[in-house]
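This report refers to the structure that appears directly beneath it.
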Ligand SMILES: Cc1ncc(C[n+]2csc(CCOP(=O)(O)OP(=O)(O)O)c2C)c(N)n1
């Protein structure tokens, strides 16, 4: 099953390689990984989308927690959360398909961000389902290049992934 | 007053009460060695950086204090990798300082530059690159804290040369607080209670003890608990010494070369109490048939090791000392008649022990020496001298675990997780350096001893009078055994008849060399070897065809156990 894990880490030299190294070293899969600064410049947030059965995902959580630079780990999959991905797509534009491209972009609430005589560059944001659907539809019209950011996610409501709680739910103190 | 980074290094370690470090100099750490010159911090210069790490490791295992070593950048640093990985697998606290090229040269392929943080990332608990001398003292404090707390492990601190030369005000932090690092020490009372209830309702419980029991210094509590509840105890290789091996309820080691009784007990048990052990594949064999009808209580300080291989019915995260104490409180308040309750179970176990003890065919007086016999003889001579044993890796290691007797924790230093040939001898030196008066004995094969044999010079130079028993079978015995059983007796690269003359070699270094070639000579060599006040190589020319039994082949079950 697909899992979305959000992590707060110290914004330090080498943290990304510690996290990604953990995945490769232990044979865990990464579908996407994003990193960026948070409201606190000393802290970065990573969003990792991974696949695995419960046992594997439990190990991923525990092993991530063991990394010294990891402040907080949460698998948000089972919770209410908002997730978004941004994609840029380059499509070849011809006399024939221009209108169709515009129409589809409009339906997906995308935007044309660059226009040249032979190509459109389109920006689409949304859940990964929406992004995949857009790709599927636009593909036959002459897809040239795709760049995706990978997913970012936040819990819904006022819940935050703050560092107040201890790192591990097994914590006895 | 301003101090240089190198002086800060020395002062910080002195503030921590460090009495001894191991190391080897080189260009990038010249400032550091300058600061060590005539300083109060004792430094033991080795002959190879791998030796330094294993010595620090042996020191750590024997004393419970953090072993520390220093090496130069580039090749010095890369030579430490095996030692670091070895300590990581066995959760041994170590602090490894590596020299590094100047900060601004990092990444330029400078002379003797190696990305040692990158190279060791998967085998360190954590690592630091110190880019500013003002961070050095704090980093040392944090490094030691991380290495020694929670699930211990090696921490690497990379020290660029210009950081060692730069100066800063020195004040050593009194305490550490790392917001993202809070190991759990106290076991959850409800979980402990649940575990105790399970113990009360089990009829065939087994204590399966790993190295975590030794790390937690909880041997005494374990003894109290086991003696009171009359639950039989088996230990892993890493757990040897956690429980007295001659006790009636001791089953010895379990797993691939474990005893029949230990493996049968674990197979038949209805409650497996895994305390500080991690269900390594050398213990479990085929996972889905391991201990098939048991409930599992798994206690570990590392939540990550719980549920990794075998899922636990009752997980308890925390420090084993705390948890054993609490279990003992439960036992104290409880009125169960344990002896009666476990009577049938213990009878069964006694029968297994009696029917299939560890055994081998002793040799005739003028026959080829049986390696097991050597180990038994060493045990006989050393038993009442509270020895510390270290082992190399292979058959000799397994026979040591099987035939030596143990009464105390921290007296069996063996490379468990990584199985590192070349570990035992330097580890023995590390233990000896921690206590020069202690009897320290290394059990080695003729293959393994040659992997760090150069440290004999370190032994001579520093008066580390370790006694090394080399069970010379002229083969890489364990490899040969596998080839005999599983590769059609094709002894590919495992026969090594051109061994050096170990007696002459010892003498060349200024040590004492002794040799036994006949069974009748074994005891006199041991007697003499153990009484000499010098490093000693005792070579026993052994029967090369001897195999380690019992054996549960890799990935198999107790049903496939091969017996002697
Ligand atoms: C560094 C290293 N290289 C290779 C091995 C694989 N290996 C495991 S046991 C063994 C043979 C050890 O031979 P020896 O030290 O003579 O001991 P014996 O088994 O004969 O008692 C080998 C080569 C290892 N464990 N470690």
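Would a scan of the stretch B:214-223 turn up a residue that is farther than 30 Å from residue B:87 by Cβ and assigned by TED's automatic domain parsing to the domain that holds residue B:345?
no
Considering only residues that are buried (at least 19 other Cβ atoms within 10 Å of the Cβ), away from chain B (no Cβ under 14 Å) and more than 13 Å from residue A:19 (Cβ to Cβ), which ones fall in the stretch A:43-73?
Matches in the stretch A:43-73: A:49 only.
For residue B:470, indicate whether it is surrounded by 16 or more Cβ atoms within 10 Å (Cβ to Cβ), within 26 Å of residue B:383 (Cα to Cα), modelled with pLDDT of 95 or more and within 14 Å of the ligand (Cβ to nearest atom).
Yes.
Quickly run through the stretch B:176-196 and pick out the residues that are in contact with a helix residue (DSSP H, G or I) (Cβ under 8 Å, 6 or more places away or on another chain), surrounded by fewer than 18 Cβ atoms within 10 Å (Cβ to Cβ) and more than 9 Å from chain A (Cβ to nearest Cβ).
The answer is B:176, B:193.
Output the number of the condition that residue A:172 fails; it satisfies all remaining conditions of (1) within 19 Å of residue A:46 (Cβ to Cβ); (2) within 14 Å of chain B (Cβ to nearest Cβ); (3) at pLDDT below 95.
Evaluating residue A:172 over (1) within 19 Å of residue A:46 (Cβ to Cβ); (2) within 14 Å of chain B (Cβ to nearest Cβ); (3) at pLDDT below 95 leaves (1) as the failure.
Can you name the residue in the stretch A:21-39 that is loosely packed, with under 15 Cβ neighbours inside 10 Å and out of contact with any helix residue (DSSP H, G or I) (no Cβ under 7 Å at 6 or more places or on another chain) and is also nearest to the other protein chains (Cβ to nearest Cβ) among such residues?
A:24
If I filter the stretch A:81-93 for residues that are away from chain B (no Cβ under 14 Å), touching a helix residue (DSSP H, G or I) at 6+ places or on another chain (Cβ under 7 Å) and surrounded by fewer than 18 Cβ atoms within 10 Å (Cβ to Cβ), do I get at least one hit?
No.
Given the residues B:508, B:459, which is the only one that is part of a helix (DSSP H, G or I), more than 16 Å from the ligand (Cβ to nearest atom) and in contact (Cβ under 8 Å) with a residue 40 or more places away in the chain?
B:459
Condition first: surrounded by 15 or more Cβ atoms within 10 Å (Cβ to Cβ) and either near the ligand (Cβ under 8 Å from one of its atoms) or free of Cβ contacts under 8 Å to residues at least 12 places away in the same chain (or both). Now tell me which residues in the stretch B:473-505 satisfy that.
Result: B:473, B:475, B:476, B:477, B:478, B:479, B:480, B:481, B:482, B:483, B:494, B:496.
Confirm whether residue B:406 is surrounded by fewer than 24 Cβ atoms within 10 Å (Cβ to Cβ) and touching a strand residue (DSSP E or B) at 6+ places or on another chain (Cβ under 9 Å).
yes
Is it true that residue B:63 is touching a residue at least 12 places away in the same chain (Cβ under 8 Å) and farther than 23 Å from residue B:464 by Cα?
When the stated conditions are applied, residue B:63 does not pass them.
Evaluate the stretch B:428-450: report whether one residue or more is part of a helix (DSSP H, G or I), within 15 Å of the ligand (Cβ to nearest atom) and either surrounded by fewer than 22 Cβ atoms within 10 Å (Cβ to Cβ) or free of Cβ contacts under 8 Å to residues at least 40 places away in the same chain (or both).
Yes, some residue in the stretch B:428-450 is part of a helix (DSSP H, G or I), within 15 Å of the ligand (Cβ to nearest atom) and either surrounded by fewer than 22 Cβ atoms within 10 Å (Cβ to Cβ) or free of Cβ contacts under 8 Å to residues at least 40 places away in the same chain (or both).
Keeping to the stretch B:301-323, report how many residues are away from every other protein chain (no Cβ under 11 Å) and under 11 Å from residue B:195 (Cβ atoms).
Total satisfying the criteria: 3.
Within the stretch B:147-156, work out how many residues are within 13 Å of chain A (Cβ to nearest Cβ), assigned to a helix (DSSP H, G or I) and surrounded by fewer than 21 Cβ atoms within 10 Å (Cβ to Cβ).
The total comes to 0.
Select, from B:207, B:144, B:159, the only residue that is in a strand (DSSP E or B) and closer than 30 Å to residue B:241 by Cα.
Step by step, each of B:207, B:144, B:159 is checked, and only B:207 is in a strand (DSSP E or B) and closer than 30 Å to residue B:241 by Cα.
Those residues that are away from the ligand (no atom under 16 Å from the Cβ), outside any loop (DSSP other than H, G, I, E, B), in contact with a helix residue (DSSP H, G or I) (Cβ under 7 Å, 6 or more places away or on another chain) and farther than 18 Å from residue B:436 by Cα, I need them from the stretch B:378-406; list them, please.
Scanning the stretch B:378-406 gives B:379, B:381.
Looking at B:110, B:147, B:114, which is the one that is touching a helix residue (DSSP H, G or I) at 6+ places or on another chain (Cβ under 8 Å), farther than 30 Å from residue B:232 by Cβ and not assigned by TED's automatic domain parsing to the domain that holds residue B:297?
From the options B:110, B:147, B:114, the qualifying one is B:114.
The values are calculated or read from the model by the stated rules, or taken from the named source; none is laboratory data. This is a predicted model, so every value here is computed, not measured. All Cβ positions, glycine included, derive from the backbone under ideal geometry; neighbour counts span all protein chains shown.
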